[in-house]
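Right, one structure below, let's go through it.
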Amino acid sequence: MVTHNFETLRRAVIAASVANGWAQAVVEWQVVGVEKDPSGSGVCVCGKTELVYLYTIHNRDTGLELFPIGSSCVNLFEVEELTVTVGVLRGLFELRAAFMAGKDVTLTVDFFSRATLADLWQSGAFPPNKYNRYNGDNDYKFLLDLFNQRHEFTEREERKVWVLLNRTIKTFVINDERLA
């Protein structure tokens, strides 16, 4: 296995950025997608081999993308938004795999985090409908409140959570274009 080469990464990032220095260039980027290579044959832009999760980053200023890039290299950017997005996308990727495998998905840390719920909300996973009083924010807030609670759900809460997970979120995650 070849480990990452920071200098190769730095050159690739700066070459695809408006800025001429690493510290300025890294803030131009956002993580926009992830793919899984179960064979582990992915090679990062830095040269690291055996990648399983292959991320795509996009430069907001130049419109250019770098792919594949590993999570370790994204973390070297030291930009919190990028680090959070890597974790969220990987979590969503695993959530989609669970849905597709027919697993019983629950509103627990096994499948969700506060950041994952926030990403789903910001990405439009909760459409307005008559059950959320035509405001998708209500579904997000409902799930977030229950996720933060430390007691068992009532029967009514459990039914609503099941519907949101298995009808709303499942459909969104399975069709999420960020997850290749």
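Can you tell me how many residues within segment 66-92 are open to solvent by less than 30 Å² (accessible area, probe 1.4 Å) and on the phi > 0 side of the Ramachandran plot? Count: 0. Residues in segment 163-180 that are farther than 15 Å from Phe126 by Cβ and either free of Cβ contacts under 8 Å to residues at least 60 places away in the same chain or assigned to a loop (DSSP other than H, G, I, E, B) (or both) were compared, and the one that is least open to solvent (accessible area, probe 1.4 Å) is Arg178.
For Phe112, the stated conditions hold: it is touching a residue at least 24 places away in the same chain (Cβ under 8 Å) and of a type in the set (Phe, Trp, Tyr). Exactly one residue among Cys44, Cys73 is in a loop (DSSP other than H, G, I, E, B), in contact with a Cys (Cβ under 7 Å, 6 or more places away or on another chain) and touching a residue at least 24 places away in the same chain (Cβ under 8 Å), and that residue is Cys44. Set side by side, the residues Ala12, Ala25 differ, and just one is touching a residue at least 24 places away in the same chain (Cβ under 8 Å) and farther than 28 Å from Asn148 by Cβ, which is Ala12. Residues of segment 89-113 being part of a helix (DSSP H, G or I) and either under 21 Å from Val74 (Cα atoms) or touching a Lys or Arg at 6+ places or on another chain (Cβ under 7 Å) (or both), which ones? Once the filter is applied, which keeps residues that are part of a helix (DSSP H, G or I) and either under 21 Å from Val74 (Cα atoms) or touching a Lys or Arg at 6+ places or on another chain (Cβ under 7 Å) (or both), segment 89-113 yields Leu89, Arg90, Gly91, Leu92, Phe93, Glu94, Phe99.
Within the option set Ala19, Ala23, Ala101, being more than 21 Å from the chain's Cα centre (by Cα), exposed (fewer than 14 other Cβ atoms within 10 Å of the Cβ) and of a type in the set (A, V, I, L, M) holds for one residue only, Ala23.
Looking at the structure I just gave you, is Ala125 surrounded by fewer than 17 Cβ atoms within 10 Å (Cβ to Cβ) and within 20 Å of Asp176 (Cα to Cα)? So Ala125 does not fit the description; no.
Output yes when any residue across segment 12-29 is closer than 30 Å to Ile174 by Cβ and not in a loop (DSSP other than H, G, I, E, B), and no when none is. Scanning segment 12-29 turns up at least one residue that is closer than 30 Å to Ile174 by Cβ and not in a loop (DSSP other than H, G, I, E, B). For the structure I just gave you, tell me whether Leu143 is open to solvent by less than 50 Å² (accessible area, probe 1.4 Å) and under 15 Å from the mean Cα position of the chain (by Cα). Against the criterion (open to solvent by less than 50 Å² (accessible area, probe 1.4 Å) and under 15 Å from the mean Cα position of the chain (by Cα)), Leu143 does not qualify. Considering (1) farther than 29 Å from Trp22 by Cα; (2) surrounded by fewer than 21 Cβ atoms within 10 Å (Cβ to Cβ), the lone condition that Leu95 does not fulfil carries the number (2).
The values are calculated or read from the model by the stated rules, or taken from the named source; none is laboratory data. Quick caveat: nothing in here was measured; it's all calculated off a predicted structure. Because the Cβ atoms are built from the backbone with ideal geometry, glycine has one as well, and the counts that use them run over all protein chains shown. Side chains are part of the model used for accessible areas, which takes the heavy atoms of the whole protein and leaves out ligands, DNA and RNA. Shrake-Rupley method; radii C 1.70, N 1.55, O 1.52, S 1.80 Å.
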